[in-house]
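As structure tokens, the structure follows; a few thoughts come after it.
The values are calculated or read from the model by the stated rules, or taken from the named source; none is laboratory data. Note that the structure is a prediction, hence the values are computed from the model and not measured. Here the Cβ is made from the backbone with ideal geometry for all residues, glycine too, and neighbour counts use every protein chain on show.
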Amino acid sequence: MQRTLVRFAVAALAAVGLILASVPAPAAAVGLVGSVQGHVTDAITGLPIANVCVWFGPVHIVRSDPLTNCVFTDGSGFYSHSWINGPATIPLTFEKDPTYQQKTINTVVNSDQPVTVDAQLDLVPGAPPPGQGGCQAPTSGTPTQALFLPNVTKTLGGPQGFQTPFIVQNTGTSSTNLEVTFFKFSDASCVARRSVPNLAPGASFADVPNNDTDLPDNTQFSVTVRSFGNTVVSVVNQHKGGIEADAYSAAATGATTVYLPNVVRRFFGFHSPAIIQNLGQVATVVTARYQSFDGTAPTMTFTRSISPGQSQFIEPNSDDPTLGAPGLVDGKQYSVTISSPQPVSVVLNTHNDDPGVAQPVFYSANGISTGAATVYGAYAVKNANGGRVSTIVVQNLSGGPLTPSLSFTPLTSGGAAQTFTAPAAIAAGSAWAFDPRFISGVASSDSTKMCAVAATNCLGNGEYSFTAQGNGGNIAAMVNVIGPDSAMGYTASPTPAATYNLPNVLASYGGWTTPIYLQSVSASSATLTWKPFLGGAATTQSVTLSPGVSVKIDPNISAPQGAQYAVTVAANGNVAAIVMELNVSGGDNAMIYGGFPAP
């Protein structure tokens, strides 16, 4: 039941190689090419050990270099690393704190052929053997930061089902230690707890659940990431093979009230399961209030009891009271307000992928905990960029009725803004949907109501940034970017900032490219720093901005190609930022995630 009702997942980002983040060892003999690979296993059981940090070079030297990162073993315990101008003899140090004892093996590298170095690690005295006792004890002490990932999956629905690779970036100025914990949806049990030591500043760590032998197949998890030493951010890429894909951002903090502007039940084939994670220290009962846009359907409330760290979902298409939302009306759009005594984080996945659908698509967006009088959308489109169209849903977060408006500014070139106002006031908690294909944004089954030429009552074809105004109160906005065979989603920013972290940006990498859209609120320029996952020199780029306008930054011309980057954005004023992830294979290999304002 669970695997058929809740389908979501994330883009595996090109390959298992995402896990292997490394930096060349300190240079020595000029011209020598070194290559090492091998497997790491438990000395007693012989089982592979995932996420072992493999250092290349004397540990006291590589740890002192802020640009140095280790290679992590994958789910089969495998690692590999190559370098140029390295030493002929190099120590390899294997670390997996606090479970296993550190081991160093001196290795001779004398050709460009890979040298195989396998390692067997002994448990730290008193540590439970692998597969026994569930999760190891949590790391003691107070973390610098915690992140929460409500929805992580492994082969959900079968070998070709949904999976969710996730990337964690160190946004601090020194190394940090990560603790990653997986909880089952079904019973909140802790399935795995891992340590990732010494993640270098600016570097990213990636986990592909399908490669993790310590996770059961066909299972949904909630994940917590605790960082000891520095701040971190994370993006989760949800995907199903090469068919469907989208992304969401991990939450650093929760809220006791979370808003979902656009939830649907059998709406032109779409439905929107909400995944809710309890971020508190005790169990909580979450209440979700569903309010139809047009007021013709009854307002419904549903509850879920959720253990600490656990996630549960509400599937609107299901009438099962333990899984779904009995009483919602087919063909309706709802705005939803979620409340809880404990802080929660929510991800909304919207699908049109039932069996028999010729072009299955799905998109994701984070639940919204903070509204504002004005919110900022870095990207909107009408009949452009592959025929995509973005509907925008504005939810009223104030206590009384509001009449919000939307203002669109042409992408990059700027120009005169077009403004459209809701045709009527919307009630507290309710929402207004703007469909740019139609006159005044009012969707209609009458094709004569469609328009294409810019006018006072028609948004012209093209690409835009936008702002949404509450006109007397606070609002939130969700953006749905739909194409002929793709769908993407994101939430407009209520809190633009001068500095952003973008943990996963790809430049012609595995068929992926990820344009960045920067919308200036008050900035006239920004500097982007592109740091490769696999180490090496960072690339710095300056861009000119105009307040009120978005610019597209193309990684295919901004940085060396064939690489994966963690990017930081530093502007001289406030901006909003999103990353669009696109694959050359087309289809629904299209995603958007919001940039992370610096803490």
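Given the criterion over 22 Å from Arg193 (Cα atoms), assigned to a strand (DSSP E or B) and hydrophobic (A, V, I, L, M, F, W, C), identify the matching residue among Ala288, Ala297. Talk me through it step by step, then tell me what you get.
On the way: Ala297 fails: assigned to a strand (DSSP E or B).
Of the residues listed, the single one that is over 22 Å from Arg193 (Cα atoms), assigned to a strand (DSSP E or B) and hydrophobic (A, V, I, L, M, F, W, C) is Ala288.
Could you please give the count of residues in the range 308-335 that are at positive phi and under 23 Å from the mean Cα position of the chain (by Cα)? I'd like the intermediate steps shown before the answer.
Residues of the range 308-335 at positive phi: 309, 327, 331.
Adding the requirement that they be under 23 Å from the mean Cα position of the chain (by Cα) leaves 309.
Summing the residues that are at positive phi and under 23 Å from the mean Cα position of the chain (by Cα) in the range 308-335 gives 1.
Please work out which residue is modelled with the highest pLDDT, limiting yourself to the range 277-299 and to residues that are surrounded by 21 or more Cβ atoms within 10 Å (Cβ to Cβ) and hydroxyl-bearing (Ser, Thr, Tyr).
So, considering only residues that are surrounded by 21 or more Cβ atoms within 10 Å (Cβ to Cβ) and hydroxyl-bearing (Ser, Thr, Tyr), the one modelled with the highest pLDDT is Tyr290.
From the list Ile275, Ile338, pick out the single residue that is part of a strand (DSSP E or B), within 26 Å of the chain's Cα centre (by Cα) and more than 23 Å from Gly470 (Cα to Cα).
Numbers: Ile338 fails: more than 23 Å from Gly470 (Cα to Cα).
Of Ile275, Ile338, the one residue that is part of a strand (DSSP E or B), within 26 Å of the chain's Cα centre (by Cα) and more than 23 Å from Gly470 (Cα to Cα) is Ile275.
Considering each residue of the range 379-422, count those that are free of Cβ contacts under 8 Å to residues at least 40 places away in the same chain and buried (at least 18 other Cβ atoms within 10 Å of the Cβ), and give that number.
2
Could you say whether any residue in the range 124-141 is outside any loop (DSSP other than H, G, I, E, B) and hydrophobic (A, V, I, L, M, F, W, C)? Give the steps one after another, and end with the answer.
Residues of the range 124-141 that are outside any loop (DSSP other than H, G, I, E, B), as a first pass: none.
Scanning the range 124-141, I find no residue that is outside any loop (DSSP other than H, G, I, E, B) and hydrophobic (A, V, I, L, M, F, W, C), so the answer is no.
Considering each of Gly46, Gly75 in turn, give the residue that is modelled with pLDDT under 65 and over 23 Å from Gly536 (Cβ atoms).
Numbers: Gly46 fails: modelled with pLDDT under 65.
Unique residue meeting the criteria: Gly75.
Among the residues of the range 405-414, is there at least one that is over 26 Å from Val344 (Cβ atoms), of a type in the set (A, V, I, L, M), assigned to a strand (DSSP E or B) and in contact with an Asp or Glu (Cβ under 9 Å, 6 or more places away or on another chain)?
Step one: filter the range 405-414 for residues over 26 Å from Val344 (Cβ atoms), giving 405-414.
This time we only want the ones that are of a type in the set (A, V, I, L, M), so: 406, 411.
Subset that is assigned to a strand (DSSP E or B): 406.
Now restrict to residues that are in contact with an Asp or Glu (Cβ under 9 Å, 6 or more places away or on another chain): none.
No, the conditions are met nowhere in the range 405-414.
Across the range 236-266, what is the number of residues that are farther than 16 Å from Gly367 by Cβ and modelled with pLDDT of 95 or more? Explain how you work it out, then say what you get.
Initially, the range 236-266 is screened for residues farther than 16 Å from Gly367 by Cβ, giving 237, 239-245, 265-266.
Narrowing further to those that are modelled with pLDDT of 95 or more: 265-266.
Of the residues in the range 236-266, 2 are farther than 16 Å from Gly367 by Cβ and modelled with pLDDT of 95 or more.
With the condition kept exactly as written, say whether any residue in the range 579-598 is among the polar types (S, T, N, Q) and farther than 24 Å from Gly386 by Cβ. Even if it seems obvious, please write down each step before you answer.
Just the residues of the range 579-598 that are among the polar types (S, T, N, Q), to begin with: 583, 585, 589.
Pick out the ones that are also farther than 24 Å from Gly386 by Cβ and you get none.
No, the conditions are met nowhere in the range 579-598.
What tally of residues in the range 300-326 results from selecting those that are assigned to a loop (DSSP other than H, G, I, E, B), surrounded by 13 or more Cβ atoms within 10 Å (Cβ to Cβ) and of a type outside the set (Gly, Ala, Ser)? Before you say what the answer is, go through the steps one by one.
At the first step, the residues of the range 300-326 found to be assigned to a loop (DSSP other than H, G, I, E, B) are 307-310, 316-323, 325-326.
Checking the rest, the ones that are also surrounded by 13 or more Cβ atoms within 10 Å (Cβ to Cβ) come to 307-310, 316-318, 323, 325.
With of a type outside the set (Gly, Ala, Ser) added as a condition, the list becomes 308, 310, 316-317, 323.
Adding up the residues that qualify gives 5.
Provide a single number: the residues in the range 255-271 that are over 19 Å from Asn474 (Cα atoms) and either polar (S, T, N, Q) or crowded, with 18+ Cβ neighbours inside 10 Å (or both). Step through it out loud before you land on a result.
Kept after step one, since they are over 19 Å from Asn474 (Cα atoms), are these residues of the range 255-271: 263-271.
Of the ones still in play, those that are also either polar (S, T, N, Q) or crowded, with 18+ Cβ neighbours inside 10 Å (or both) are 263-265, 267, 270-271.
Residues that pass the stated criteria total 6.
Go through the range 300-326 and report how many residues are at pLDDT 95 or above and in contact with an Asp or Glu (Cβ under 6 Å, 6 or more places away or on another chain).
Number of matching residues: 2.
Take Lys96 and tell me if it is surrounded by 23 or more Cβ atoms within 10 Å (Cβ to Cβ), under 26 Å from Asp214 (Cβ atoms), modelled with pLDDT of 80 or more and not acidic (Asp, Glu). It would help to see each step written out before you state the result.
On the way: surrounded by 23 or more Cβ atoms within 10 Å (Cβ to Cβ): yes; under 26 Å from Asp214 (Cβ atoms): yes; modelled with pLDDT of 80 or more: yes; not acidic (Asp, Glu): yes.
Against the criterion (surrounded by 23 or more Cβ atoms within 10 Å (Cβ to Cβ), under 26 Å from Asp214 (Cβ atoms), modelled with pLDDT of 80 or more and not acidic (Asp, Glu)), Lys96 qualifies.
Residues in the range 213-226: is at least one assigned by TED's automatic domain parsing to the domain that holds Gly324 and in a loop (DSSP other than H, G, I, E, B)? Talk me through it step by step, then tell me what you get.
Step one: of the range 213-226, the residues assigned by TED's automatic domain parsing to the domain that holds Gly324 are none.
No, the range 213-226 contains no residue that is assigned by TED's automatic domain parsing to the domain that holds Gly324 and in a loop (DSSP other than H, G, I, E, B).
Output the number of the condition that Ala425 fails; it satisfies all remaining conditions of (1) out of contact with any Pro (no Cβ under 6 Å at 6 or more places or on another chain); (2) over 21 Å from Gly387 (Cβ atoms); (3) surrounded by fewer than 16 Cβ atoms within 10 Å (Cβ to Cβ).
(1)
Keeping to the range 99-116, report how many residues are modelled with pLDDT under 80 and surrounded by fewer than 16 Cβ atoms within 10 Å (Cβ to Cβ).
Restricting attention to the range 99-116, the residues satisfying the condition of being modelled with pLDDT under 80 are 99, 109-114.
Cutting the leftovers down to surrounded by fewer than 16 Cβ atoms within 10 Å (Cβ to Cβ) gives us 110-114.
Matching residues across the range 99-116 total 5.
Consider Ser493 carefully, then state whether it is within 30 Å of Gly587 (Cβ to Cβ), surrounded by 23 or more Cβ atoms within 10 Å (Cβ to Cβ) and at pLDDT below 95.
No: the conditions fail for Ser493.
Would the range 358-365 turn up any residue that is surrounded by fewer than 24 Cβ atoms within 10 Å (Cβ to Cβ) and either under 20 Å from the mean Cα position of the chain (by Cα) or outside any loop (DSSP other than H, G, I, E, B) (or both)? Spell out the reasoning first.
Our first condition is that a residue be surrounded by fewer than 24 Cβ atoms within 10 Å (Cβ to Cβ); within the range 358-365, this holds for 358-360.
Pick out the ones that are also either under 20 Å from the mean Cα position of the chain (by Cα) or outside any loop (DSSP other than H, G, I, E, B) (or both) and you get none.
No, the range 358-365 contains no residue that is surrounded by fewer than 24 Cβ atoms within 10 Å (Cβ to Cβ) and either under 20 Å from the mean Cα position of the chain (by Cα) or outside any loop (DSSP other than H, G, I, E, B) (or both).
Considering only the range 148-170, state which residues are of a type in the set (Ser, Thr, Tyr) and modelled with pLDDT under 90. First the steps, then the outcome.
The initial filter retains those residues of the range 148-170 that are of a type in the set (Ser, Thr, Tyr), namely 153, 155, 164.
Across the range 148-170, there are no qualifying residues.
If a residue must be assigned to a helix (DSSP H, G or I) and within 31 Å of the chain's Cα centre (by Cα), how many such residues does the range 422-459 contain?
Going through the range 422-459, the residues assigned to a helix (DSSP H, G or I) turn out to be 439-441, 447-449.
From what's left, within 31 Å of the chain's Cα centre (by Cα): 441.
Total meeting the criteria: 1.
Would you be able to say whether some residue in the range 190-206 is of a type in the set (Lys, Arg), surrounded by 15 or more Cβ atoms within 10 Å (Cβ to Cβ), in contact with a strand residue (DSSP E or B) (Cβ under 8 Å, 6 or more places away or on another chain) and under 30 Å from Pro355 (Cα atoms)? Even if it seems obvious, please write down each step before you answer.
Looking only at the range 190-206, we keep the residues that are of a type in the set (Lys, Arg), and these are 193-194.
Going one step further and asking which of them are surrounded by 15 or more Cβ atoms within 10 Å (Cβ to Cβ), we end up with 193-194.
If we keep only those that are in contact with a strand residue (DSSP E or B) (Cβ under 8 Å, 6 or more places away or on another chain) as well, we get 193-194.
With under 30 Å from Pro355 (Cα atoms) added as a condition, the list becomes none.
Checked the range 190-206: no residue is of a type in the set (Lys, Arg), surrounded by 15 or more Cβ atoms within 10 Å (Cβ to Cβ), in contact with a strand residue (DSSP E or B) (Cβ under 8 Å, 6 or more places away or on another chain) and under 30 Å from Pro355 (Cα atoms).
Please enumerate the residues belonging to the range 168-177 that are surrounded by fewer than 24 Cβ atoms within 10 Å (Cβ to Cβ) and not in a loop (DSSP other than H, G, I, E, B).
Of everything in the range 168-177, just one residue is surrounded by fewer than 24 Cβ atoms within 10 Å (Cβ to Cβ) and not in a loop (DSSP other than H, G, I, E, B), namely Asn177.
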